[in-house]
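Engineer: Dumping the structure here so I can ask a few things about it.
The values are calculated or read from the model by the stated rules, or taken from the named source; none is laboratory data. Please read these numbers as outputs of a predicted model, since none were measured by experiment. Cβ atoms come from the backbone with ideal geometry, glycine included; neighbour counts cover every protein chain shown. The accessibility values were calculated without ligands, DNA or RNA, using every heavy atom of the protein model including side chains. Shrake-Rupley method; radii C 1.70, N 1.55, O 1.52, S 1.80 Å.
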Amino acid sequence: MTSTDITDGGGAAEALLSATTLLRFATAGSVDDGKSTLVGRLLHDSKSVLTDQLEAVEHASRSRGGEGPDLALLTDGLRAEREQGITIDVAYRYFATPRRRFILADTPGHVQYTRNMVTGASTADLAVVLVDARNGVVEQTRRHAAVAALLRVPHVVLAVNKMDLVGYAEEVFAAIAEEFTAYATALGVPEVTAIPISALAGDNVVEPSAVMDWYGGPTVLEHLETVPVSHDLAACHARLPVQYVIRPQTAEHPDYRGYAGQIAAGTFRTGEPVTVLPGGRTTTVQGIDLLGEAVDVAWAPQSVTLLLADDIDVSRGDLIVPSGDVPPSGQDVEATVCHVADTPLTVGHRVLLKHTTRTVKAIVKEIPALVTLDDLSHHAEPGRLTANDIGLVKVRTAEPIALDSYADSRRTGSFLLIDPADGTTLAAGMAGESFATNDRSAAAADPEARQGDEAEWDF
C-alpha cells in the first residue's frame, strides 16, 4: 500500500470532502496525563492514520521495548520528546469525520512549556483538559484552565483519563469533575463538559465504554462532532486592519488607491461611512475588490481591498471601522498578559506593542498584580513577571491605539509585547478584564525606581 492509503480504505478521504464545518481544538493538562495518547487514540480509532504512519509508530514502539503501538508517538515527533516520553512543542494534526473537519493542537504539559499551550489555544474553539484519575486536579491543571479562560476559549472538555487504573470508579470521576467545574466556573469559563475515558484502552474516546455503564454522556469524538461552534465573525464589530496600500500608478489604473488587508471581524458594504483610526478621519467605502472582482459586501475573514471616496492619509497599521461603531482609542492599555519569554517583564520595561498590523513603542508603567492560580488571588505589585506567569499590566504607548475589549473580540482585543532589541515575543496580552475573580488591589509603582529606565521613552 502507498502512503496515501488510509487504514479504513479511504473513508477519511471521503470525510474530508463531505465535512463542512471546522472545529479548532487544543489538548492540555499536566505532564503524563495522557494527552498525546488520547490524540493518538482519537486519530487511530477515527481511521485518520495513514498506513505507513501506523507502521512507523509500531516499529518505533517495538524498538523501545513496547508490546503494542504507542499511539502517543503519532504526535510526539521531536527526538527529545520520544526520548523523554513527553510533549515539548505544539503538534498540529488535521483530520476529518463525515460530520466535521478538525484542526488539533496537542500542547505540552510541563510548567516550563505553558507558553506553548498559549500558542496552541489562542485560536481554539474548544480545549480538552486532561486529568489523571489517580492524581485529580493539580496545579498545572488549574494553570491550563486559567489559560483557556484567559484566551476566552468558549468550550472546555474535562477528560478524566486513566479510569482503568482506578477501577472505573464513578465516585472518583464525580469528585474530580465537581472540583474542576467549580474552579473553571470561577474563572468565567462558560461551559464545561466532563467525560471519563481511558485513552490507552480506548474507553469513551471514539467508541462508548463497555465497562462504564454508569456514564450516559457522549464520547470525546461525539462531543467534538456535535458541539456548537460559532464562526459568525461577520456578526461582530467590523474591523479592517490595513496591511498594504496599493498604488499601481499604471496607464490602466493611474489613480487607483486601495487599502488591502484581512477583515478581522464584521462586514463591510459599499456606500458605508467609515472612520480611519487612530487619526479619526471619516469617509465612505466607494468600492470593495475581492479576488480581482468588485463586490458590494465582504465579511470576515476575507482578504479584500477597500476603495475610499476621499483621498485621505491611510497607511499600514491603521484600522478602518464603521463610523457608527468606533472602538475606544488611547495611549493607556490595561490588560491581562501571559508572559512567554525567559527574560522577565519588569516595571519600566521598554517594549513594542503589536496590535493587528500596527506596532508602536510602549512602556510597562505598572504591574498591578500577579495572578496566583491555586486560588485565583492576586499578589499585588510583584514588580516583574517571569516565564509562564499570568498577571495584570498597565502599558502606555507612544501613539494612540484602538483596542477592543478581548471579551468582545479575540482578534482585535489581543496584542503582543515584543522586545525591541531582538524581536523576541515577551507576552501575549488580552485587553480589559479576563477573569471573573476576586477584587484586586494595586498601588501605584514607585516613580523614582523607573525614572532612569524611562528617560528616553517618556510618553
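Engineer: Which FRET efficiency value, to the nearest 0.05, do you get for Val31 and Ile312 by plugging their Cβ-Cβ distance into 1/(1 + (r/R0)^6) with R0 = 51 Å?
Structural biologist: Efficiency computed from Cβ-Cβ geometry: 0.40.
Engineer: Pop a pseudo-label 7 angstrom from the Cα along the beta-carbon direction at both Ala251 and Ala210 and give the gap in nm to one decimal.
Structural biologist: Taking the two extended label points, one gets 7.9 nm.
Engineer: Check cross-link reach from Lys361 to the lysines: straight Cα distance under 27 Å, and skip same-chain residues fewer than eight apart.
Structural biologist: Lys394
Engineer: Also, I was wondering about something else. FRET efficiency for Ser405 and Ala169, Cβ-Cβ distance as r, R0 = 56 Å, nearest 0.05? Before the final figure, lay out the partial values.
Structural biologist: Working: r = 43 Å, r/R0 = 0.77.
Using R0 = 56 Å, I get an efficiency of 0.85.
Engineer: What is the Cα coordinate range of the range 202-356 on the first, second and third principal axes, sorted by size from largest, in whole angstrom?
Structural biologist: Reported extents, whole Å, longest axis first: 74, 47, 31.
Engineer: While we're here: If you roll a 1.4 Å probe over the range 240-322 with all protein chains in place, what percent of the accessible area is carbon or sulfur?
Structural biologist: It is 47 percent, rounded to a whole number.
Engineer: Sticking with this structure for a sec: Keeping every protein chain present and rolling a 1.4 Å probe, give me the accessible area per residue for the range 280-430 in Å².
Structural biologist: On the way: 6090 Å² over 151 residues.
Roughly 40 Å² per residue, with all protein chains present.
Engineer: Okay, moving on. Looking at the P(r) of the range 219-297, how many percent of alpha-carbon pairs lie beyond 20 Å?
Structural biologist: 46
Engineer: Normalised by the number of residues in the range 129-179, what is the relative contact order in percent for Cα pairs under 8 Å and 6+ residues apart?
Structural biologist: Result for the range 129-179 is 50 percent.
Engineer: With contacts defined as alpha carbon pairs under 8 Å and 6 or more residues apart, what's the relative contact order of the range 174-273 in percent?
Structural biologist: 18
Engineer: Oh, and also: Out of residues 5 or more away from Asn388 or on other chains, whose amide H comes under 5 Å of its own, with H placed 1.01 Å from N in the peptide plane?
Structural biologist: For Asn388, whose amide H was placed from the backbone, the distant partners under 5 Å are His339, Val340, Ala341.
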